[in-house]
Amino acid sequence: MKLALSGGLALALVSLPCLAQSPAGNVTLYGAIDTGVEYITHASAGGGSGMRMPTLTGGQLPSRWGLRGNEDLGNGWRGIFNLESGFFADSGSSGQAGRLFGRTAIVGVEGPWGSFTLGRQSTMLAWSLMDADVIGPSVFSMASFDSYIPNARADNSLAYRGRFGGLTVGATYSFGRDTSAAGNCGGERPGDAQACRGWSGLLKYDGGGWGVAAVVDEQRGGPGAAPAAVVPGVAGVAIASSDSRDRRYMANGYVHIADLKLGAGWMHRRIEGSAADVSTNLYFLGATYPIGNWTLNAQASRMIANAYQAKGTMLVGRASYSFSKRTAAYAMLAHMGNSGAGAVFSVSSSSIVPWSPKAGQGQVGVMVGLRHSF
């Protein structure tokens, strides 16, 4: 009886959305599962090495699933929505501080003049890197220097993005950028209009086989805001008032030379904290080249954080083999070079629990894994 009732309920739930859709609408289920095993040297200040399945992301993509859909509204306009949930493939638990749809939760419209969306969504910093960052949001990536790069999202936000020929323009504005318990900077406060607000703006141009982008991304502080982290595992800069701000300026670009693609960029970060001001600079240069079913990627990135006496240089290489359009295996190799009394950058700093070396010591990371998308 329980099985029969469960089957009937499931059939009813599956059927309801189909009945509610107009003939011109559609809904797509999609996602990716990416995980593997990593080995890291100098995995603690005391030395030693370690092996594990990374918690946060895989060697190519973060694991996630989602629903997206649209409905024709006529005159070239469509109603759109997107719900996307991140999860940890090693344990099956939800990412983004346990949110059900922590990666994206938006509704909006799009048409000849671009798209306008509301909800939790990526800022323009994330959109600016789509072409220039050849390694992307993988386990060994620029997230080892700045975890915000692959997680540039804002709650309670409005976004516009439009493309006109080769020019793309975009902007976001958040009334309260992070309502999670971990960030605790929800904003939307009467009497303090700037507390925990956030905004970003993008200009991007794509020509014939090349492109350039410029973006600004700002997060305001406020009561309860988590300190702005600069060096993973080291106390960050307090931004406990609405006068505090954490701003990133990014310029990047890419070019195709036959089958070879090159990407490069520079990000200047300025934190105006409650008690101190800090600036950092991050540079990157990468290349990708396909050979049959193989894709080879390499990227060098360098972080300079003089206020923390910390400089780091990371070299990353990745070889991927595609069995099909949806399934691939890969191997990654990364080396982190640290210099300075406060340099404890780790190849694994994109993980929730980094394995960091002692200050000034280098580190090597190796990962092999498997990715399937649907």
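Rule-based calculations on the coordinates, nothing more; no lab input. Predicted model, so just to flag it, every value in this text is computed and none were measured. Neighbour counts are summed over all protein chains in view; Cβ atoms, including those assigned to glycine, are modelled from backbone coordinates with ideal geometry.
Given Cα pairs under 8 Å that are at least 6 residues apart, what percent is the relative contact order of segment 85-124?
30
In deg cm²/dmol, rounded to 500, what helix-only [θ] at 222 nm does the chain give when every DSSP H run of at least 4 residues adds -39500 (n - 2.57) and the total is split over its residues?
-2000 deg cm²/dmol
Return the loop-located chymotrypsin sites (Phe, Trp or Tyr not before Pro) in segment 111-153 (DSSP other than H, G, I, E, B) with at most 15 other Cβ atoms within 10 Å of their own Cβ; answer none if there are none.
Sites meeting the loop and neighbour criteria: TRP113.
Only Lys, Arg, Asp and Glu count, each charged at its Cβ (+1, +1, -1, -1), so figure out the dipole size of the chain about its Cα centre, rounded to 20 debye.
300
Taking the Cα centroid of segment 69-123 and of segment 250-269, what is the distance between the two, rounded to the nearest whole Å?
27
Percent relative contact order of the chain, based on C-alpha pairs within less than 8 angstrom and at least six residues apart?
Details: 1066 pairs, mean separation 56.8, N = 374.
RCO, the chain: 15 percent.
Quick one: grab the alpha carbon gyration tensor of segment 91-175, order the square roots of its eigenvalues as a ≥ b ≥ c, and give me rounded if a/c is under 1.5, else prolate or oblate depending on whether a/b is larger than b/c.
oblate
If eta is 1.002 mPa s and T is 20 °C, what Stokes-Einstein diffusion coefficient results for the chain, Kirkwood Rh from Cα pairs, in µm²/s? Don't skip to the answer; put the middle values down first.
Values: Rh = 22.0 Å.
The calculation lands on 98 µm²/s.
What Kirkwood hydrodynamic radius do you get for segment 34-120 when you take the inverse of the mean 1/r over all pairs of distinct Cα atoms, in Å? Before the final figure, lay out the partial values.
Numbers: mean 1/r = 0.0641 Å⁻¹.
That comes to 15.6 Å for segment 34-120.
Over all alpha-carbon pairs in segment 257-374, figure out the percentage whose distance exceeds 19 Å.
Values: 4020 of 6903 pairs.
Of all Cα-Cα distances in segment 257-374, 58 percent exceed 19 Å.
Taking the Cα centre of segment 255-374 as origin and charging only Cβ (+1 Lys, Arg; -1 Asp, Glu), how large is the dipole, in debye to the nearest 20?
Details: 10 positive and 3 negative charges, 49 e Å.
Rounded to the nearest 20 debye, it is 240 debye.
Taking the mean number of other Cβ atoms within 10 Å as a proxy for protection, how do you rank 94-106, 271-283, 196-208 from highest to lowest?
Numbers: 94-106: 17.5, 271-283: 16.0, 196-208: 19.8.
Packing order, densest peptide first, comes out as 196-208, 94-106, 271-283.
Work out the length of the dipole vector of segment 263-334 about its Cα centre, built from +1 on the beta-carbon of each Lys and Arg and -1 on the beta-carbon of each Asp and Glu, and round it to the nearest 20 debye. Walk me through the intermediate numbers first.
On the way: 7 positive and 2 negative charges, 51 e Å.
My answer is approximately 240 debye.
Once you have a ≥ b ≥ c as the square roots of the Cα gyration tensor eigenvalues for segment 56-206, tell me rounded if a/c is under 1.5, and otherwise prolate or oblate according to whether a/b is larger than b/c.
The shape class here is rounded.
Answer with one residue from GLN309, PRO290, SER339: the one whose Cα lies farthest towards the positive end of the charge dipole of segment 264-374, charges on Cβ with Lys, Arg +1 and Asp, Glu -1.
Highest projection toward the positive end goes to PRO290.
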